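Reviewing the structure listed below.
Since every read-out is calculated from the coordinates, none of them should be taken as a lab result. All figures in this text were calculated on a predicted structure; none of them were measured in a lab. Here the Cβ positions follow ideal geometry from the backbone for every residue, glycine too, while neighbour counts run over all protein chains shown.
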Amino acid sequence: MNRFTALSGIAAPLMRGNIDTDVIIRIERMVGNAIRGTLGQWCFGALRYRPDGSENPDFILNRPPYRQAEILITGPNFGCGSSREAAVWSLQEMGIRAIVGSGFGDIFYNNCFQNGVLPVVLDPATVDGLAQAVEASQGAGRVTVDLVEGVVVGPSGDRHRFAIDAGRRQALLEGLDEIAMTLRRQPEIAAFQRRDRRQRPWIHFKGAEV
């Protein structure tokens with residue numbers, strides 16, 4: 001998993017509320033195609049493309065400079081709906097590394113951390129102000145999301161502090177998913193297994209060694 005420390009780049013305001021995981025990546029795009037590295041082209045497919053397959057010029061991520069956006073500023077309850085982890089994969093493959101919003105679907109929020117994407121929760125008024133500042137600059141005003149300092153910096157230099165769970169913060173800073181974090185504790189796990197084998201030998205297979 002890629003580390004996340006700080007990112008300064010183009011932010012795209014996508015302020016529609018309750019965008020669910022099926023809007024982010026449709027289920028039919030995953031059938032026979034759910035391979036990491038192939039889903040970015042279908043991210044927001046129903047919004048990005050017209051029924052005839054051509055690009056929708058009104059969708060913000062189809063307009064320059066937002067095509068190069070690495071940060072999304074989102075409306076409330078972004079990523080609600082199913083537990084579809086591919087929603088995060090498709091966003092990441094589209095180039096998105098951080099999402100700033102007033103609230104996220106719980107499972108989507110958790111999946112972001114497992115894939116190196118930083119979801120930042122700020123109060124609704126602050127999120128609206130960031131979106132308005134970006135729109136006023138037509139995307140020229142960069143936004144910075146700094147996990148080390150725990151701050152989002154808007155186009156005019158306004159700073160907004162955020163907090164996340166300390167364990168998740170450290171995992172992102174070091175680029176570790178839950179499996180990698182568990183493996184770092186392998187000596188402790190092995191010591192527990194040896195101790196448990198001595199204390200409760202009847203539950204272990206005969207001859208098994210740690």
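Relative contact order for the chain using alpha-carbon pairs under 8 Å, separation at least 6, rounded to a whole percent? Intermediate results must be reported in sequence, preceding the final value.
Numbers: 367 pairs, mean separation 51.7, N = 210.
About 25 percent, as a whole number.
Got the relative contact order for the stretch 8-80 handy, in percent, Cα pairs under 8 Å and 6 or more residues apart?
On the way: 96 pairs, mean separation 41.2, N = 73.
After rounding, I find 56 percent.
Ordered by the count of other Cβ atoms within 10 Å of each Cβ, fewest first, LEU47, LEU183 give LEU183, LEU47.
Roughly how many Å is it from the Cα centre of the stretch 159-198 to that of the stretch 62-93, as a whole number? Cα centres, the stretch 159-198 to the stretch 62-93: 27 Å. Highest mobility in the GNM of the chain, judged by mean-square fluctuation with C-alpha springs under 10 Å and restricted to GLN199, GLN138, GLN41, is found for GLN199. Using R0 = 35 Å, the C-beta based FRET efficiency linking ALA166 and ARG48 works out to 0.45. Listed by Cβ neighbour count within 10 Å, with the fewest neighbours leading, TRP42, TRP202, TRP89 appear as TRP202, TRP42, TRP89. Two tests apply to each whole DSSP H helix in the chain, Cα reach of 30 Å or more along its axis and mean Kyte-Doolittle hydropathy of at least 0.5, and none passes both.
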